Structure formats: structure tokens, C-alpha cells
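Visitor: Got a structure for you, written out below as C-alpha cells; questions coming shortly.
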2 protein chains.
Amino acid sequence: MIDSIEFVEDGNITSATGFFAGATYSGIKQNSDSLDLGLLISETPCLSFGLFTCNQFKAAPVELCIERLSKNPYAKAIIANSGIANAGTGKEGLRDAYIVAKFVANEFNLESTDVLVCSTGIIGQKLPLETIKNGLLKIKLTKSGGHKFAKSIMTTDSVPKEAAIRVNGDYVIAAVAKGSGMIHPNMGTMLCFVTTDAKISPEALKTAFNDAVEASLNMVTIDGDTSPNDSVIILANGQSQNEVILPNTEAAYVFGEALRQILIYIAKKIASDGEGATKLMEVTVTGGKEFNEAAKVARAIASSLLVKTAIHGADPNWGRIVAAAGRSCFEMDFERVSLSIGNIKIINKGRVLNYNKKAAELKLHDKNIFISLDLDHGSGRAVAWGCDLSKEYVHINSEYTT
Amino acid sequence: MIDSIEFVEDGNITSATGFFAGATYSGIKQNSDSLDLGLLISETPCLSFGLFTCNQFKAAPVELCIERLSKNPYAKAIIANSGIANAGTGKEGLRDAYIVAKFVANEFNLESTDVLVCSTGIIGQKLPLETIKNGLLKIKLTKSGGHKFAKSIMTTDSVPKEAAIRVNGDYVIAAVAKGSGMIHPNMGTMLCFVTTDAKISPEALKTAFNDAVEASLNMVTIDGDTSPNDSVIILANGQSQNEVILPNTEAAYVFGEALRQILIYIAKKIASDGEGATKLMEVTVTGGKEFNEAAKVARAIASSLLVKTAIHGADPNWGRIVAAAGRSCFEMDFERVSLSIGNIKIINKGRVLNYNKKAAELKLHDKNIFISLDLDHGSGRAVAWGCDLSKEYVHINSEYTT
């Protein structure tokens, strides 16, 4: 039973026992006011799983992580840089990623295989190895270094995204993420690292992790583009005093639910911080044939340019919402479709109601927009998060250069 | 053999023998300076095929056309209105579409089953039947009425889209289209009507029509949204003196090639006129496993928001192009990928060249942008057309209301 899931005040990835972090400006980015190199370390080995971009064009650090974790699901450290993605850099890029891991191992007394590497930023440039090597010397690992780490992975993000929750007083789950553009289901340019001190079996951790990511980070869409670098990694060092969480138990359910909650919190943070976004859109689809159909429809609505611009203009343009559903569902009988915006019912089983248009427009001026669509042909339910599309998005992405 | 395919000067859908058209302002639209009701009629029955939106949310007139053409592939007239889409209007909407066909039949001495009905405009409103009935009385059918018809189907289009070609001096193929937003493969908010006076067998016409639409209108993408109203209809009245074109003959090949050319011309017109567009983007993908993969990748690149904004900002951001390819191809080996922008080679088999960035930027200031990507793992080839994404797109779509 979930007695309590409480958000830790000022929570960050070092809120979990045994995790230390730090960050520095090493010189990868142009702007010396920003951080660009972060390091996260656990004092003991962590059970580790990762989910990575489905893009066929994978960055070198993603290849390194996939290779390492497939051989051995344990790690102790994550080194992450922003500014350069080390993508499209071929065999040299992969070699460079391995060299960065070696630098970290040498400097912090680890095995090279304990180190995972992540990068985000501009595609096609090589990592400046000397710069990174020198940067590492400047990183001070501390028990409160999570915040600095969170800042060091930001690119076009306007705010750091981090949180920690304490579950039943037993253990902590914490997460940090970056991402605000090139974000779409199956990861977008998103880096997300989760730490926990819970004691948990590999199978229970893997199941909870996959399920939680499916319901959270994979349901965020900013612009439909995915990146070569997207990575979500969980590290569980087992330092808390809880009994080991075994698969298919009450404890596993609680852990999974808590993990889902913190990742949904992070997912919403990412959607709200979408490039140029002024509003968060939460789309709930019910009555799908199965989860997959509901998820596909929810994501199609949340990513439709015409819905996104309508939300931006505070226009209750239900035609665009239904049209986005219609192109993404397996089948649709309009006579069964119901739609609400906020608590205002617009369509009831195919009949467009004489709703209060002014009130609906007012709802769409909120910072948080809730759209609910019922397909009424099954029990599939899914929630997706997105944001409005503003002129600022176009501005940001016409200017940001290779 | 194709001796000659020449564009007819001032060509329009009435350029083919035996077709007459006219249009009027009936009062469906607010603005009385615009036309909103167009009628196209052939003096003799036409062999007719249609391809319609894949959206599960289909407008009433689309249902009417599908029903009529599936029973009998012959028609004599198309009545089209802009301003109201007659979509999301349930059974009443369908009844209204049939009533409109009946009005036309009564007024112009046709069988009701000879009349096809198309609508485009705002979703969810009912057609004003009396307004349309009265409007019909004002329509004068003429041999040069194609231009007026072209204007009467425009919504957010900034220019009419029409052309006619004469093939080997034998027969004419002509086309008219509307569409500038909600456009994506498998039709977007697109209406396209093709007339021809060629004598052609049903099988030869159907094959040529399907193939030509696949390579043209289905390869245009403006914003990834499709509409409930998309329709492409061909009418062949056989009034020219050519020998009947039979399937799998040289003559069928020539007809198919000519039809493809005029529809590609129309497709490019639609892409150039994308809402807020300042540039036409032509994406050619070669080396796909098969046509389907090449087409999927070409459309993904042409519809990527990040590519569209980069093109808008004249930024040769090859990383975004390769990332869009990577998320849409069946598989990709970056070491085999080559990319050019215009005639400037950027990547050669996975190696990023030391290309002239200033020259590439200059290329991207052109009105016509050519992107060529080679996947180098098969012989699939496809071309897609799209446009840049500007702040104006956001403006148009935040303002245009239900």
C-alpha cells in the first residue's frame, strides 16, 4: 500500500543516499556563464537500465551506453555534457566517447566500464577531449551537487527539471531531465537520469522502469522530431534499509507507482518548457480499443500543429482535435465520440452541444489546458502531454544553428 | 512515345473538350468579394474515379462521393463549395449533401446520381441549403468558366492552382486544386479535380490515376494534419478523337506520364502556397530499400518542424535532416548516407565534408530548396514536397477559427 509519496523539498538526484554530483563550465559551450559538464557518481555499484532513442541515427554516447548496459547492468557514474551531441561523428566519435569514460575512471578511481556517457547539443561536431579532461579536474562532487548537474545538461531549456520523492519513509527516487525541443514519443532530445537508493531486484526494477517511462516520457511531444541522443537511465544503489523489492509484489507496485509519478512530473515539466511554449496541454483519451490506440490518438492530438496553434490562439476548434484523432485512430465512429475542453463538454456522442463558447475560450487562456476525448469503442486509456505552438518556437528554431 | 506534352496557355479545367464551369458568391462565406460555390459539368457522361481522405473522420460529401462512385464509376458534374466543410454534421449533414446534389440535378437537367458533391471550410457547421439553392440560379456555365471555379474552392489559399496540358496534340488533361493547410500525405485539406477529354478504358484510367496521385498529391506535406474532406476526382469524357487508350500499352504509359506531370505541377503549387510559406522544399530520397521507405523518409524530412524552421532561417542544419531520416527509415547506416543541399555536397558516405557553409546558406535563401539524401541500401526513390515554417503559419492558424 502507498502510505505516502512525498516530494522532497529542494529535491534533486543527489537526494537519494549515496549519490554525489557536480558540474563545471569546461569550455564546450561558447557561453562561459553556463555549465556544460556534469558528473553523477554513486559510492557503491548501481543496478542500471537504460532506454534509448529509437532513431536509427544514434549518437556515439548512446551506442556506448547500449553496449555497456547490455553486457552488464551495473554502473557507478554518468558523465554528461551539453553543447555538443557527438552525433554524426562516426567511428571517431565512438572512440571519443570511450575516451571520456576513461578520463572519468582515471580521475575518480573507477573502472572504465562503470562509467556511462551522455551528450546533448549540436550534431556533427567532435567532442573537445582536452577541454573535457581539464574540465573534469574542476568538478567537485558533493551531496548537494544535483542542482548544478541539472543545470549542466540544459541546452534550450529555460528551467532545470528535477525532483525527488520519498516513498513510505523507506527510500528515495530522484530524477533530473533536460529537453525542450526535438521531443516526441520514444524520447526526443531528452536526457533523463533517475537515481534511487531503494533495494530492488533487477526484474522488479526493469519492469517498473519500462512501464513508468511508457506512461510518462514516451507520452511527451513537443515537435514530433526525435534526436540521436535521447537516453533515460536509472541507477539503483540499494543503500536504503528497505527489504529488497521483489517482482509482482505489493512493494513492487508501490515502487512502480512512485516512479511513474515522478516521471510524469518530469514529463509535464518538459512539455511546459517546450520551445516557445506558453501553455501545457494534457490530452486524455479514453475508450480506445487498447492502450496503444488511445496512446496513438492522444499523442496525435498533442502534436497536431493545428491543435497546437488553436490552443495558442485560445480557440476551441474541436474540428481540429477530432480530425487529429481521425487520422491516428484504428477506427472511429463520430456518432460515438465525446469531447471536453476543461470541464466544458463540447461534443456528446457525435452531437455538437450548444456549449458556452466564451467560457471555452476563457479555459484556453489558462496555463494548463485539459482535453478529454472518448472514442467509446474499448477500454484503452492514455494521457499525453504537449504544448502550444507559438511564433517564438519558429524564432528559436530558425536561429539555433549547427 | 511522348512526342509532346505542352502546357496550354491560360489552362484550366474547362480546357478539355466538353467541360463547362461557373461559380458565384452565394453567401456561404462572410466576404461577398469572394466566390464560394462552383459547378463543373461535362456535356457527356464521364468515367470517374476518386481518391479520398484516409482520415476516419470523413465529411458528409466525401461519404456521398465514395458511395456514388463505388456503385457506378460515371458522373457528369461536381458541385463544390468553400466556407463550410459539412464535416462533423452527422446524418443531417449527409442528407444535406444529397439535397445539394438534387438541387443541381433539377436546375441543370441531370440525374441526381450524376452529381458529385465536395465541400471545404470550417468543420461542424451545417450547409445553408436555401443559400446554395439560390446561388445555383446565379451560376453561368461557360467554356472559360474554369478560372472562376478555381477561385470558388479557395479558402486560405493565396493563389488559384490550375493547369492544362495537351498530349501529343491528341487530348487534354486539366486540373484544379485548393489546399494550403491541414495538408499531409494521403490528402490534407485538398480538393483536386482533374478533367480529360481522352478516350480511355476504365482500367487504364484507374491505374494511371492511382499511380499519378501516389507520386504527386500524396507526396505533399504542409503540416502533417489531414482533413475530413480531402478528395481527388478525375472525370474523363472521351470527347477527343484519340484511339481508346488500353491498359499496359504505350498510349497508357504516355497518358500516365502526362497525368503525373500535371499533378506534380499542382502538388508543387500547393506546397509553395503552404500557409505562411516563403519557400518550396523538394526532398529527393534515393537508395531506399523500396519506394515505400524512400517515400516515408522524404515525407518525414519535408514535414519535420526542425527542418522546416532551419530552411526558414537559411541554416544548412544537416543534423536535423539526418535525424528526421533516422526516425522514419526502416534502417540506416550513417556510414553510407550522403546528403546534398542544392548542388552542394554536405555528407559523403557518412563523412561530413568541409563544405562551403556560406554557399550553402546562400542556396537556402532561394525560393526553391532542393535536398537530396541517399541511404545507399536499395533502389527505392521518392520525391516529396513541402515548405518552410514561418511565424506567419502560427499567426494564420492561431487566428482562423471554427
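The values are calculated or read from the model by the stated rules, or taken from the named source; none is laboratory data. Since this is a predicted model, take the numbers as computed values, not measurements. Please note: Cβ atoms are built from the backbone with ideal geometry, for glycine as well, and neighbour counts cover all protein chains shown. Remember, those area values only see protein heavy atoms, side chains included, never the ligands or the DNA or RNA. Shrake-Rupley method; radii C 1.70, N 1.55, O 1.52, S 1.80 Å.
Visitor: Hey, any hits in region A:319-331 for a residue that's in contact (Cβ under 8 Å) with a residue 60 or more places away in the chain and aliphatic (A, V, I, L, M)? So that I can check it myself, show each step before the final result.
Guide: Of the residues in region A:319-331, the ones in contact (Cβ under 8 Å) with a residue 60 or more places away in the chain are none.
No, region A:319-331 contains no residue that is in contact (Cβ under 8 Å) with a residue 60 or more places away in the chain and aliphatic (A, V, I, L, M).
Visitor: Mind checking whether some residue in region A:67-90 is within 14 Å of chain B (Cβ to nearest Cβ), open to solvent by 40 Å² or more (accessible area, probe 1.4 Å) and within 12 Å of A:ASN229 (Cα to Cα)?
Guide: Quick first cut of region A:67-90, residues within 14 Å of chain B (Cβ to nearest Cβ) only: A:83-90.
Filter once more, keeping what is open to solvent by 40 Å² or more (accessible area, probe 1.4 Å): none.
Within region A:67-90, none of the residues are within 14 Å of chain B (Cβ to nearest Cβ), open to solvent by 40 Å² or more (accessible area, probe 1.4 Å) and within 12 Å of A:ASN229 (Cα to Cα).
Visitor: Only one residue in A:GLY22, A:GLY27 is away from chain B (no Cβ under 14 Å), farther than 26 Å from B:ILE321 by Cα and part of a strand (DSSP E or B). Which one? Step through it out loud before you land on a result.
Guide: On the way: A:GLY27 fails: part of a strand (DSSP E or B).
Just one listed residue meets the conditions, A:GLY22.
Visitor: Let me ask something else about it. Could you tell me whether A:ILE311 is over 26 Å from A:SER216 (Cβ atoms), in contact with a strand residue (DSSP E or B) (Cβ under 9 Å, 6 or more places away or on another chain), within 12 Å of chain B (Cβ to nearest Cβ) and among the aliphatic types (A, V, I, L, M)? Please lay out each step first, then the result.
Guide: Details: over 26 Å from A:SER216 (Cβ atoms): no; in contact with a strand residue (DSSP E or B) (Cβ under 9 Å, 6 or more places away or on another chain): yes; within 12 Å of chain B (Cβ to nearest Cβ): yes; among the aliphatic types (A, V, I, L, M): yes.
Judged against the criteria, A:ILE311 is not a match.
Visitor: Suppose the filter is touching a residue at least 12 places away in the same chain (Cβ under 8 Å), more than 17 Å from A:LYS140 (Cα to Cα) and in a loop (DSSP other than H, G, I, E, B); does A:PHE57 pass it? Walk me through how you get there before you give the answer.
Guide: On the way: touching a residue at least 12 places away in the same chain (Cβ under 8 Å): yes; more than 17 Å from A:LYS140 (Cα to Cα): yes; in a loop (DSSP other than H, G, I, E, B): yes.
Taking the combined requirement at face value, the residue satisfies it.
Visitor: So, one more: Return the residues of region B:30-48 that are closer than 20 Å to B:VAL213 by Cβ and either within 14 Å of another protein chain (Cβ to nearest Cβ) or open to solvent by 30 Å² or more (accessible area, probe 1.4 Å) (or both); say none if nothing qualifies.
Guide: Within region B:30-48, the first condition is being closer than 20 Å to B:VAL213 by Cβ, and the residues that meet it are B:40, B:46-48.
Hits for region B:30-48: nothing passes.
Visitor: I'm checking my understanding of the structure. Among residues of region B:91-116 that are more than 14 Å from chain A (Cβ to nearest Cβ) and open to solvent by less than 10 Å² (accessible area, probe 1.4 Å), which one is nearest to B:PRO228 (Cα to Cα)? I'd like the intermediate steps shown before the answer.
Guide: We begin by selecting, within region B:91-116, every residue more than 14 Å from chain A (Cβ to nearest Cβ); these are B:95-116.
Filter again for open to solvent by less than 10 Å² (accessible area, probe 1.4 Å), leaving B:96-97, B:100-101, B:104-105, B:115-116.
On the way: B:ASP96: 16, B:ALA97: 14, B:VAL100: 19, B:ALA101: 19, B:VAL104: 23, B:ALA105: 25, B:VAL115: 20, B:LEU116: 16 Å.
The qualifying residue nearest to B:PRO228 (Cα to Cα) is B:ALA97.
Visitor: Of the numbered conditions (1) farther than 19 Å from B:VAL394 by Cβ; (2) within 12 Å of chain A (Cβ to nearest Cβ), B:ILE262 fails exactly one; give the number of that condition.
Guide: The single condition B:ILE262 does not satisfy is (2).
Visitor: Next question. Within region B:120-142, how many residues turn out to be modelled with pLDDT of 95 or more and either open to solvent by less than 80 Å² (accessible area, probe 1.4 Å) or in contact with a strand residue (DSSP E or B) (Cβ under 6 Å, 6 or more places away or on another chain) (or both)?
Guide: Final tally of qualifying residues: 12.
Visitor: I would also like to ask the following. So how many residues does region A:385-401 have that are open to solvent by less than 30 Å² (accessible area, probe 1.4 Å) and either outside any helix (DSSP H, G or I) or away from chain B (no Cβ under 14 Å) (or both)?
Guide: In the first step, residues of region A:385-401 are kept if they are open to solvent by less than 30 Å² (accessible area, probe 1.4 Å); the result is A:385-390, A:393-394, A:397-398.
Add one more test, that the residue is either outside any helix (DSSP H, G or I) or away from chain B (no Cβ under 14 Å) (or both), and what stays is A:385-390.
Of the residues in that region, 6 qualify.
Visitor: For B:GLY288, are the conditions met, namely being more than 10 Å from chain A (Cβ to nearest Cβ) and small (Gly, Ala, Ser)?
Guide: Details: more than 10 Å from chain A (Cβ to nearest Cβ): yes; small (Gly, Ala, Ser): yes.
In short, yes.
Visitor: Looking only at region B:60-98, filter to residues that are under 17 Å from B:ILE28 (Cβ atoms) and in a loop (DSSP other than H, G, I, E, B); which one of those is nearest to the chain's Cα centre (by Cα)?
Guide: So the residue we want is B:ALA85.
Visitor: Would you pick out the residues in region B:335-365 that are assigned to a strand (DSSP E or B) and either at pLDDT 95 or above or under 18 Å from B:ILE301 (Cα atoms) (or both)? Give the steps one after another, and end with the answer.
Guide: Pass one, region B:335-365, residues assigned to a strand (DSSP E or B): B:338-341, B:344-348, B:351-352.
If the condition is that a residue be assigned to a strand (DSSP E or B) and either at pLDDT 95 or above or under 18 Å from B:ILE301 (Cα atoms) (or both), then B:SER338, B:LEU339, B:SER340, B:ILE341, B:ILE344, B:LYS345, B:ILE346, B:ILE347, B:ASN348 are the ones that fit.
Visitor: Name the one entry in A:ALA294, A:ALA298, A:ALA324, A:ALA302 that is open to solvent by less than 10 Å² (accessible area, probe 1.4 Å), at pLDDT 90 or above and within 11 Å of another protein chain (Cβ to nearest Cβ). Steps first, answer last, please.
Guide: On the way: A:ALA294 fails: within 11 Å of another protein chain (Cβ to nearest Cβ); A:ALA298 fails: within 11 Å of another protein chain (Cβ to nearest Cβ); A:ALA302 fails: within 11 Å of another protein chain (Cβ to nearest Cβ).
After applying the criteria, what remains is A:ALA324.
Visitor: Kindly indicate the residue of region A:330-355 that is open to solvent by 50 Å² or more (accessible area, probe 1.4 Å) and away from every other protein chain (no Cβ under 14 Å) and also nearest to B:CYS54 (Cα to Cα) among those meeting that condition.
Guide: Taking the candidates together, the pick is A:LYS345.
So that you can scan it fast, the table gives a plain yes or no per residue for (1) in contact with a strand residue (DSSP E or B) (Cβ under 9 Å, 6 or more places away or on another chain); (2) on the phi < 0 side of the Ramachandran plot; (3) open to solvent by less than 10 Å² (accessible area, probe 1.4 Å):
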site	(1), (2), (3)
A:LEU191	yes, yes, yes
A:THR207	no, yes, no
A:VAL213	yes, yes, yes
A:ASN218	yes, yes, no
A:VAL232	yes, yes, yes
A:GLY238	yes, no, no
A:PRO247	no, yes, no
A:PHE255	yes, yes, yes
A:GLN261	yes, yes, no
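Visitor: Taking the condition of being touching a Lys or Arg at 6+ places or on another chain (Cβ under 9 Å) and closer than 21 Å to A:ASN229 by Cβ, how many residues in region B:337-359 meet it? Quick ask: steps written out before the conclusion?
Guide: Taking region B:337-359 as the starting set, the residues that turn out to be touching a Lys or Arg at 6+ places or on another chain (Cβ under 9 Å) are B:337-339, B:341-344, B:349-350, B:353, B:355.
This time we only want the ones that are closer than 21 Å to A:ASN229 by Cβ, so: B:337, B:339, B:350.
So the count comes out to 3.
Visitor: Among the numbered criteria (1) of a type in the set (Gly, Ala, Ser); (2) within 11 Å of chain A (Cβ to nearest Cβ); (3) not in a helix (DSSP H, G or I), which single criterion is violated by B:ALA382?
Guide: All conditions are met except number (2).
Visitor: Could you identify the single residue in B:THR14, B:THR53, B:THR24 that is closer than 23 Å to B:GLY93 by Cα and open to solvent by less than 10 Å² (accessible area, probe 1.4 Å)? Steps first, please.
Guide: Values: B:THR14 fails: closer than 23 Å to B:GLY93 by Cα; B:THR24 fails: open to solvent by less than 10 Å² (accessible area, probe 1.4 Å).
Step by step, each of B:THR14, B:THR53, B:THR24 is checked, and only B:THR53 is closer than 23 Å to B:GLY93 by Cα and open to solvent by less than 10 Å² (accessible area, probe 1.4 Å).
Visitor: Return yes when B:SER48 is out of contact with any Pro (no Cβ under 7 Å at 6 or more places or on another chain) and either hydroxyl-bearing (Ser, Thr, Tyr) or part of a loop (DSSP other than H, G, I, E, B) (or both) and no when it is not. Reasoning before the result, please.
Guide: Numbers: out of contact with any Pro (no Cβ under 7 Å at 6 or more places or on another chain): no; either hydroxyl-bearing (Ser, Thr, Tyr) or part of a loop (DSSP other than H, G, I, E, B) (or both): yes.
No: the conditions fail for B:SER48.
Visitor: Which condition number does B:PRO228 fail, the rest of (1) more than 14 Å from chain A (Cβ to nearest Cβ); (2) open to solvent by less than 10 Å² (accessible area, probe 1.4 Å) being met?
Guide: Result: B:PRO228 passes all but (1).
Visitor: Go through the residues of region B:308-315 one by one and say whether even a single one is without any contact (Cβ under 8 Å) to a residue 60 or more places away in the chain and either surrounded by 23 or more Cβ atoms within 10 Å (Cβ to Cβ) or more than 30 Å from A:GLU392 (Cα to Cα) (or both). Lay out the reasoning, then the answer.
Guide: Just the residues of region B:308-315 that are without any contact (Cβ under 8 Å) to a residue 60 or more places away in the chain, to begin with: B:310, B:313-315.
Next cut, either surrounded by 23 or more Cβ atoms within 10 Å (Cβ to Cβ) or more than 30 Å from A:GLU392 (Cα to Cα) (or both) only: B:310.
Looking through region B:308-315, at least one residue is without any contact (Cβ under 8 Å) to a residue 60 or more places away in the chain and either surrounded by 23 or more Cβ atoms within 10 Å (Cβ to Cβ) or more than 30 Å from A:GLU392 (Cα to Cα) (or both).
Visitor: Given the options A:ASP157, A:ASP114, A:ASP96, name the one that is modelled with pLDDT under 95 and among the acidic types (Asp, Glu).
Guide: On the way: A:ASP114 fails: modelled with pLDDT under 95; A:ASP96 fails: modelled with pLDDT under 95.
Step by step, each of A:ASP157, A:ASP114, A:ASP96 is checked, and only A:ASP157 is modelled with pLDDT under 95 and among the acidic types (Asp, Glu).
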